1. State the extension gain, in nm to one decimal, for the chain segment bounded by residue 189 and residue 152, taking 0.36 nm per residue of separation less the distance between their alpha-carbons.
2. Return the label of the correct value of Cα extents along the principal axes in Å, as calculated from the structure shown, out of (1) 52, 39, 28; (2) 67, 36, 31; (3) 78, 49, 29.
3. Out of all Cα-Cα pairs in region 10-100, roughly what percent, to the nearest whole number, are more than 16 Å apart?
4. By how many nm would the segment from residue 95 to residue 83 lengthen if fully extended, with 0.36 nm per residue of separation less the alpha-carbon distance?
5. To the nearest 0.05, how large is the calculated FRET efficiency for residue 102 and residue 49 if R₀ is 25 Å and r is the Cβ-Cβ distance?
6. Given points 7 Å out from each Cα along the Cα-Cβ axis, report the residue 175 to residue 129 separation in nanometres with one decimal.
7. Per-residue ellipticity at 222 nm for the chain, helices alone: DSSP H runs ≥ 4 residues times -39500 (n - 2.57), over residue total, nearest 500 deg cm²/dmol?
8. Taking a cut-off of 18 Å between Cα atoms, list the lysines near residue 189, but don't count ones fewer than 8 places away on the same chain.
Amino acid sequence: MPSFHLTSTDTPQLLEIPYLTADNYLDWAPSMQRLLGSQNLWDLISDPSATSSAITTQRQYSATSLILSLVPMSTQQEFSLQHITSPSILWERIKTHYRSSLNPWNIRQQLYSLRLDEDLDGSVVRYALRIDYLVLKYNFSMLAAERMGDAELAWIYVHGLPDSREWREKKEEWTQGENRLEYLRDPRKLKFEMLEFERGL
């Protein structure tokens, strides 16, 4: 039996974490990190060098048991996860597998084909969240030097906006106006401007 101890406060948190699948790693990983932190076990992954005491051996078992409790048995068997005793190695094995399963060029194609008026009911909030999620997936799959920068993210925000007269005028302001460089340096400001403009329509 797993040796971690879940309190009544922790149990809802565990129930909210889905089983790991090929599509939900980017949601699963931070949720699992928070759960491990609530059990004072995350340091075994973030600082694996501090794992030499006998007490830590028990904590390692607790951490690996907790992680594997939300990994399907088929996945554990396919990648021989159930035999790993180090939580840091287990975490990296899972991370490496799901990183390699992402297709960055397919993600880029999705980003450049996304349209506010066609795909997301005209909601800037849903449009921006979808872009942010895809960029997160893309950057997760790439080396640091190849990740998407702020200027490209700002261009993608603007690229998929509608071609109506109102939006066209704002796009020209954001991409050609005197504040163009400011928006390219800080896509968050551009996203805020998009949301404010939508409210005024």
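No value in this document is a laboratory result; all are computed from the given coordinates. The structure displayed is predicted, hence computed values, not measured ones. Neighbour counts run over all protein chains shown; Cβ positions are idealised from the backbone, glycine included.
1. 11.9 nm
2. Comparing each candidate, only (2) matches the computed number.
3. Cα-Cα pairs in region 10-100 separated by more than 16 Å: 50 percent.
4. Between residue 95 and residue 83, full extension yields an extra 2.7 nm.
5. With a Förster radius of 25 Å, E is 0.30.
6. 2.6
7. The helix-only estimate for the chain comes to -20000 deg cm²/dmol at 222 nm.
8. 170, 171
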